[in-house]
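Reviewing the structure listed below.
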């Protein structure tokens, strides 16, 4: 096949289809790179292609649309202005292609009469078939486009059009199960060990695909070609270094380095399956680009695979999605708020919080695109000349591309970058679950460094006191932490580079956070917590653990055994929390909800709000007033005991036993006053505690979805209630986008302006 050299000179790039030099914008760079691919890899000639071709339909907007690249089946078809064969839409490399971009490009292809439509930003390329007479509700992705030779063979074209890449939940779930079985059968590993190996390969695939520019996915062929090159050109230079490894292990070594900060893999961990199994799995996964963070179906499929694999073979159970959705909606996390789950498991709560906030940002940006388009077009657009319309259209496209960057987790300073990097945190004590959570989040579009393998009761990274606006969790139930469980040197954070990184990010607060472990080596884990002297139950300890990292006024939702709320032997525990936080909702749900998830106790969903500084003072005032009033009832007894003690101590012949008895009676009386004052404190610090009883929570005892889910109705009712009652400060500020009189684009929020270069 032919070759095509890309010419660059003085900030310009030569466009052979236009036979002219253009300024090398990011979009133009991608376009010329893809033309090179079309020539060299697919065999299309320049004389059967064109760029910047006007396409239109019969509706308003005629003359507005220009296709980036148009390809005809032959040179003659182009000369005769016949229907196009392929239309390509190009975006800048750093622009995440959004759903509306796909539909816009599809329309261009349809108007041009094309059979195929392609989108590319160099990092990510997708192919779609086009039905000229049908506007689809969902675009149909195909695995490839024809080569120039295949384009002339109708049977070949029809065959390619039929090979749709239906990235359905069931398809991807089946492939993951197949990969699991490959390892079980070929390598004779246990279910949990087999899952661990799949996890490693998925992390490797994601890292590889993120780094690639030409290759879209990590395929078996790609691996084999790179392996030959590595063994011949690279490995000889690695002799005597830790990286002197077979290519498969070399890739995993680099993957471990990539995710080192998250402590997801052991330092000496390796791929434990034979290379044949590894290549088989690559082949099964090769139609899926796991670094494409826009495909929510992929995330749901991974969850489904997790559910069946973990529940059926690994003995792990997850919070049902209906409960996760409900609890997230109740606490309503907003953009720029921080969210944590210190027992994150598979990451269900973190993923939902991420998606919940992402959706709001996406809606915001979509609205801004529409409003700014109207501003740029002005009122007289239709009366302008075609040349003037083209200029305006270019400004609209530039504006839309700029706003797309707001939705890209890889663009530093964007709204999604901030959400991904600074707002979502979790940890799990089980290394397998920590890896799973991380992978699950990547599959859903996040994948930042906020998830760790670490004891959830100990501080790590950004998880420490007074850090979070929202905490959502389903802590472990029914287990006990024994007094003999000590904090050891192994619990210390020793990576100096990471410590320095976190100190820079969090300041003095992080140095203080480290003392939780560093200053308590050798002490009982229970000693870190006030409730540790009252109970060793994990659910009790995690209640305090979750309360401490909350900011004052922060809110949390927990799945708790119902006994925590009504068992008499936990009365002191309840009183402790009543002095720290308000209960803002108790929701009793059927035991059936968690039967399929392995629970044997009836749970409740309990929501708290940590006291604000004002509420702390109110509670302290109520407590002081109550104790003062009760004390007045016993003032005579108190004075009598105090006088008796003074009198006995003043005698020359002191009877220590009498003094000790009187002092004990006084202490007992003080304790009695405090206990008697507690109900009165509640009376003086009175507030409404909403309690809801739900008979159908959307899931049956078998794990099947039920039709009568009452939770969505309850969450809507509660939203009205908490807004009316002003249960917490609605901290989210309005984000807006403006184009000023100089034509500069700004994002404004909290009175601050950030210019977005376009």
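Tabulated values for the structure
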quantity: Residue satisfying all of: in segment 37-62; at pLDDT below 90, assigned to a loop (DSSP other than H, G, I, E, B) and in contact with a helix residue (DSSP H, G or I) (Cβ under 8 Å, 6 or more places away or on another chain); nearest to residue 74 (Cα to Cα) among these; calculated: 56
quantity: Check on residue 192, surrounded by fewer than 16 Cβ atoms within 10 Å (Cβ to Cβ), at pLDDT below 90, more than 24 Å from the chain's Cα centre (by Cα) and not in a helix (DSSP H, G or I); calculated: no
quantity: Residue count for segment 670-681, restricted to those that are within 12 Å of residue 623 (Cβ to Cβ) and buried (at least 16 other Cβ atoms within 10 Å of the Cβ); calculated: 5
quantity: Cβ-Cβ under 8 Å pairs, at least 6 apart or on other chains, segment 262-281 side modelled with pLDDT under 90, far side part of a loop (DSSP other than H, G, I, E, B) and crowded, with 20+ Cβ neighbours inside 10 Å; calculated: 263/454
quantity: Pair list, Cβ < 6 Å and 6+ apart or interchain, from segment 315-326 residues that are over 16 Å from residue 704 (Cα atoms) to residues that are modelled with pLDDT of 80 or more and buried (at least 21 other Cβ atoms within 10 Å of the Cβ); calculated: 326/711
quantity: Members of segment 3-36 found to be in contact (Cβ under 8 Å) with a residue 40 or more places away in the chain, in contact with a strand residue (DSSP E or B) (Cβ under 9 Å, 6 or more places away or on another chain) and over 21 Å from residue 79 (Cα atoms), listed by number; calculated: 25, 27, 29, 30, 31, 33, 34
quantity: Criterion (within 25 Å of the chain's Cα centre (by Cα) and on the phi < 0 side of the Ramachandran plot) met by exactly one of 749, 741; calculated: 749
quantity: Selection within segment 267-282 - part of a helix (DSSP H, G or I) and surrounded by fewer than 15 Cβ atoms within 10 Å (Cβ to Cβ); calculated: 275, 276
quantity: Per-region count, segment 499-534, residues assigned to a helix (DSSP H, G or I) and buried (at least 17 other Cβ atoms within 10 Å of the Cβ); calculated: 11
quantity: Enumeration of residues in segment 689-724 that are in contact with a strand residue (DSSP E or B) (Cβ under 9 Å, 6 or more places away or on another chain) and loosely packed, with under 14 Cβ neighbours inside 10 Å; calculated: 689, 691, 693, 705, 717
quantity: Conditions (1) in a loop (DSSP other than H, G, I, E, B); (2) modelled with pLDDT of 90 or more; (3) over 27 Å from the mean Cα position of the chain (by Cα); (4) crowded, with 16+ Cβ neighbours inside 10 Å: number failed by residue 758; calculated: (2)
quantity: Count - residues of segment 567-604 that are at pLDDT below 85, farther than 29 Å from residue 469 by Cβ, out of contact with any strand residue (DSSP E or B) (no Cβ under 8 Å at 6 or more places or on another chain) and in a loop (DSSP other than H, G, I, E, B); calculated: 3
quantity: Identity of the residue in segment 355-365, surrounded by 15 or more Cβ atoms within 10 Å (Cβ to Cβ) and more than 13 Å from residue 735 (Cβ to Cβ), that ends up nearest to the chain's Cα centre (by Cα); calculated: 355
quantity: Evaluation of residue 87 against (1) modelled with pLDDT of 80 or more; (2) assigned to a loop (DSSP other than H, G, I, E, B); (3) crowded, with 17+ Cβ neighbours inside 10 Å (one fails), failing number; calculated: (2)
quantity: Whichever residue in segment 406-418 is more than 21 Å from residue 370 (Cβ to Cβ) and not in a helix (DSSP H, G or I) and, among such residues, is modelled with the lowest pLDDT; calculated: 410
quantity: Cβ pairs under 9 Å, 6+ apart, first in segment 134-154 and closer than 21 Å to residue 39 by Cα, second at pLDDT below 80 and outside any loop (DSSP other than H, G, I, E, B); calculated: 142/162; 142/164; 143/164
quantity: Test: residue in segment 386-405 that is at pLDDT 85 or above and closer than 12 Å to residue 350 by Cβ; calculated: no
quantity: One residue from 483, 492 being surrounded by fewer than 16 Cβ atoms within 10 Å (Cβ to Cβ), closer than 30 Å to residue 537 by Cβ, modelled with pLDDT of 85 or more and touching a strand residue (DSSP E or B) at 6+ places or on another chain (Cβ under 7 Å); calculated: 483
quantity: Failed item, numbered, when residue 564 is tested on (1) under 24 Å from residue 353 (Cβ atoms); (2) part of a helix (DSSP H, G or I); (3) within 28 Å of the chain's Cα centre (by Cα); calculated: (3)
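Each row is one residue, and each column tells you yes or no for (1) under 26 Å from residue 30 (Cβ atoms); (2) surrounded by 14 or more Cβ atoms within 10 Å (Cβ to Cβ); (3) at pLDDT 85 or above.
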{"position": "122", "(1), (2), (3)": "yes, yes, no"}
{"position": "131", "(1), (2), (3)": "no, no, no"}
{"position": "143", "(1), (2), (3)": "yes, no, no"}
{"position": "151", "(1), (2), (3)": "yes, yes, yes"}
{"position": "155", "(1), (2), (3)": "no, no, yes"}
{"position": "162", "(1), (2), (3)": "no, no, no"}
{"position": "168", "(1), (2), (3)": "no, no, no"}
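The values are calculated or read from the model by the stated rules, or taken from the named source; none is laboratory data. No experiment lies behind these values; they were computed from the predicted model shown. Here Cβ is always computed from backbone atoms with ideal geometry, including for glycine, and neighbour counts include all displayed protein chains.
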